[in-house]
Structure formats: C-alpha cells, structure tokens
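Before any comments, here is the structure.
Values quoted throughout were computed directly from the atomic coordinates according to the rules given, and no laboratory measurement underlies them. Note that the structure is predicted; figures quoted are calculated from it, not measured. A quick note on method: Cβ atoms are made from the backbone with ideal geometry, for glycine too, and the neighbour counts reach across all protein chains shown.
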C-alpha cells in the first residue's frame, strides 16, 4: 500500500472535527455542568420562596415578627439567592459556550497558523510521512494512540492534544478504503467513529 496526496486543512474543517470530538470527549463534563446549573436554579427558587414566605403572613402576624429574625434570615436568603443566580448563569454559559471559547482561543493564537499550511502525505503499511515547506515528519503506526473518524475526516492522535487530521475529500475511494484497512489492521483497539 502506498497512498500519496496533498492537503491543506482549513479552519472550518479543523473546527468541525474538533467540535464533534470535544462534544464526545466532554460529554460527562457537560452533563455535570447542566446538573449543577439545575441544582443552582432549584436552590435559587428555594431561597426566593423563603423570602416570599416571610412577607406572605397576615398583617397582624407580620408586625409581630421578631425584628431579629427578619434582619437575620431575609438578608441571608437574599444573598443566597443572588449567589445561586450567578452560579446558575455561569454553569449554563459554560455548558453552552465552553467549546466555542476553546476554539476561538486556539484560532486567535498566531503560533497555531502552521496547522493550516499545505502538506504532502505518503502513507505506507509501516509509516505515515508528512512533508511541508517547514518540516518533514515520519510516524510509525504504533505511535498513534487513538483514531477518531467522522463523516468528513479521520483524526490520528499522536498524544492527547496532537492530531494528524486527514480529510476524506482529498482521497480517492480506493485510497480511503486502503487507509481504513490499514487503520483497522494497526489501530482497531483504539478506533472511535463519531457521526
């Protein structure tokens, strides 16, 4: 097997792949953020209910309320409700926008511009060779720790944060079949398909 092709990854391709991967990877974290947001809303409602309950007594009972109790419990419930409101907002914002914040921060960093240059790939049964105008790298198949395939790309992970992204649109159908058979042969235990 000898597959040769060139590709330049666009920001859109990179972002789409990473959104799918990180939605899969952070599924438990997103569930935790959502749960904490719901709990914060429940505690907020409980605090507001306690404030409402203090003031919803008959007039004669309201004036007989101990001033000490009113000054003690009402501010506690008020500040507790404000804290739980802020926590709920923060948890729901993180739940919804955490991935977007990560992507924008990565794309704004000028040091990451080298990811989007044109590269020449040569894939054999033993190695994957990548050549660009700046570097030349050779990776043996056992150096990859995980393979993530989506409907538009195949990501070969060198470590937990470095991925070799191969776009399916740059491969002929027989080349894609050869690449997938090599992946199944060498990395079938570490294969994940995301749709």
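Note on the chain: helix-only mean residue ellipticity at 222 nm, from DSSP H runs of 4+ residues weighted -39500 (n - 2.57) and normalised by residue number, equals -19000 deg cm²/dmol.
Axis of helix 173-187 versus longest Cα principal axis of the chain: the two differ by about 70°, to the nearest ten degrees.
Modelled this way, with points 7 Å down the Cα-to-C-beta line, the labels at residue 106 and residue 161 are 1.1 nm from one another.
Each residue, residue 90 and residue 15, gets one label point 7 Å from its Cα in the Cβ direction; the gap between the two is 2.8 nm.
Between 0 and 90 degrees, the angle of helix 11-25 with respect to the longest Cα principal axis of the chain falls at about 60 degrees. Over the chain, Cα pairs under 8 Å with separation of 6+ residues give a relative contact order of 27 percent.
What does a probe at residue 74 reach in segment 26-57, counting residues whose amide N is under 13 Å from the point 7 Å along Cα→Cβ? What the label zone holds, given the 13 Å backbone N cut-off, is 51-57.
Compute the angle between helix 67-108 and the longest alpha-carbon principal axis of the chain, please, reported from 0 to 90 degrees and rounded to the nearest 10. So the inclination is approximately 10 degrees. Computed over segment 111-193, relative contact order equals 22 percent, with contacts defined as Cα pairs under 8 Å that lie 6+ residues apart. This structure gives Kirkwood radius over Cα pairs in Å, computed directly, and of (i) 19.5; (ii) 20.9; (iii) 20.4 that value is listed as (ii).
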